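Written out below as structure tokens is the structure these notes cover.
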Amino acid sequence: MPYVTEENLTDLALERWSNIPDPRLRQVMTALIKHLHAFVREIEPTTPEWFMAIDWLTRVGKMSDEKRQEMILTSDVFGVSMLVDAINNRAPGGATPSTVEGPFHVQGSPQLADGADLAKGAPGILTFCTGTVRDLDGKPVGGAVLDLWQTDGDGLYEAQHGSEGYMRGIYRTNPDGTYTIRTVAPIGYTVPMDGPVGELMEKTRISHFRPAHIHFAISAPGYKPVTTHLFQRDDEYIETDVVFGVKEKLIVDFVKKPGGKTPTGETVSTPFYEIKYDFVLQKAATAQKAA
Ligand code: BEZ
Ligand code: FE
């Protein structure tokens, strides 16, 4: 082996890290070395800068556990989570696009009847979301599961509010594919800013907010599940979502109604929002071919 120079170091490291029997691990590690070396050659960090970077990464790791995932937040704010999501969920034009799951999904939400109230007295503007789940041929998908989670009107998820089953629930579509959800409008919120990611964001002019959205994980036998959100059009953060989650097709109107008859048939005297959205699932077999 030739001894090390600044010029030959990348080639030497690449050669050494090619010595991996598993072809996928070899591909991953050689690409990592190539891009890491290119990054270092481009920015030419001083030694204190390099140790500052190592300290930052160390603090990201130390802050991460099963409750707080600063590592995932790093991937989110750098746009990497959405890139991985896009690569793994390429969908034909007509299908509902996916977006990041985020850290607030909880398994085993309460099962709710069609039209039932997800909010159960939580603060916020009364909101109804209705629509149909269909397949790519326009055929309604009855019995599809819609697993929802969202903030209340104060911007709090269950994890921040503290009560079990708060602002989450599981609905099923009717035999004709329709669904009706009664809830309150979510609002935009900031990602956690009390860790190393927040410390870095504070040094930038980047918004640390997400626009108001409702999370949906939709599944049905024979179809590819989709994890997505519906975003409120005209939210002040819609064009600057800190985790790059907004796709055009997922932006919906929260239509303000003055009161009166609601989609569940009840009559209310207060203003409410109405959201209409049809989800489109792709068949599991189509999804396999597209992948
Ligand atoms: C969320 O939408 O719940 C979320 C996604 C990524 C980072 C933080 C929150
Ligand atoms: Fe969210």
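Some observations on this one:
- Failed item in (1) free of Cβ contacts under 8 Å to residues at least 12 places away in the same chain; (2) within 15 Å of ligand 1 (Cβ to nearest atom), with G162 passing the rest: (2)
- Any chance R210 is within 16 Å of ligand 1 (Cβ to nearest atom), closer than 19 Å to P97 by Cβ and of a type in the set (K, R): yes
- Qualifying positions in the range 124-137 - under 19 Å from P221 (Cβ atoms) and either surrounded by fewer than 19 Cβ atoms within 10 Å (Cβ to Cβ) or within 16 Å of ligand 2 (Cβ to nearest atom) (or both): L136, D137
- Residue in the range 64-84 that is β-branched (V, I, T), assigned to a loop (DSSP other than H, G, I, E, B) and surrounded by fewer than 14 Cβ atoms within 10 Å (Cβ to Cβ) present: no
- D152 vs. criteria touching a Pro at 6+ places or on another chain (Cβ under 6 Å), within 16 Å of ligand 2 (Cβ to nearest atom) and at pLDDT 95 or above: yes
- Failed criterion for G121 (all others in (1) small (G, A, S); (2) loosely packed, with under 11 Cβ neighbours inside 10 Å; (3) touching a Lys or Arg at 6+ places or on another chain (Cβ under 9 Å) hold): (3)
- Remark: pairs (first residue in the range 89-107, without any contact (Cβ under 8 Å) to a residue 60 or more places away in the chain; second residue within 11 Å of ligand 1 (Cβ to nearest atom) and aliphatic (A, V, I, L, M); Cβ separation under 8 Å; 6+ apart in sequence or on different chains) = P103/I72; P103/L73; P103/A159.
- G102 meets all of the listed conditions (1) within 16 Å of ligand 2 (Cβ to nearest atom); (2) at pLDDT below 95; (3) surrounded by fewer than 19 Cβ atoms within 10 Å (Cβ to Cβ) but one, namely (3).
- The set of residues in the range 71-95 being charged (D, E, K, R) and modelled with pLDDT of 95 or more consists of D76, D85.
- Just one of the listed residues (V145, V141) is away from ligand 2 (no atom under 15 Å from the Cβ), surrounded by fewer than 19 Cβ atoms within 10 Å (Cβ to Cβ) and over 14 Å from K120 (Cα atoms), namely V145.
- Looking across the range 199-222, the residues that are among the charged types (D, E, K, R) and either assigned to a strand (DSSP E or B) or surrounded by 12 or more Cβ atoms within 10 Å (Cβ to Cβ) (or both) come down to E199, R210.
- Strands (runs of 3 or more DSSP E) completely within the range 101-198 that count 3 or more residues being among the β-branched types (V, I, T): 126-135, 178-184
- Selection count where residues are within 11 Å of ligand 2 (Cβ to nearest atom), under 21 Å from I181 (Cβ atoms) and assigned to a loop (DSSP other than H, G, I, E, B), scope the range 223-249: 1
The values are calculated or read from the model by the stated rules, or taken from the named source; none is laboratory data. Just so it is clear, the structure is predicted and the values come from calculations on it, not from any experiment. Positions of Cβ are generated from backbone atoms using ideal geometry, with glycine treated the same way; all protein chains shown enter the neighbour counts.
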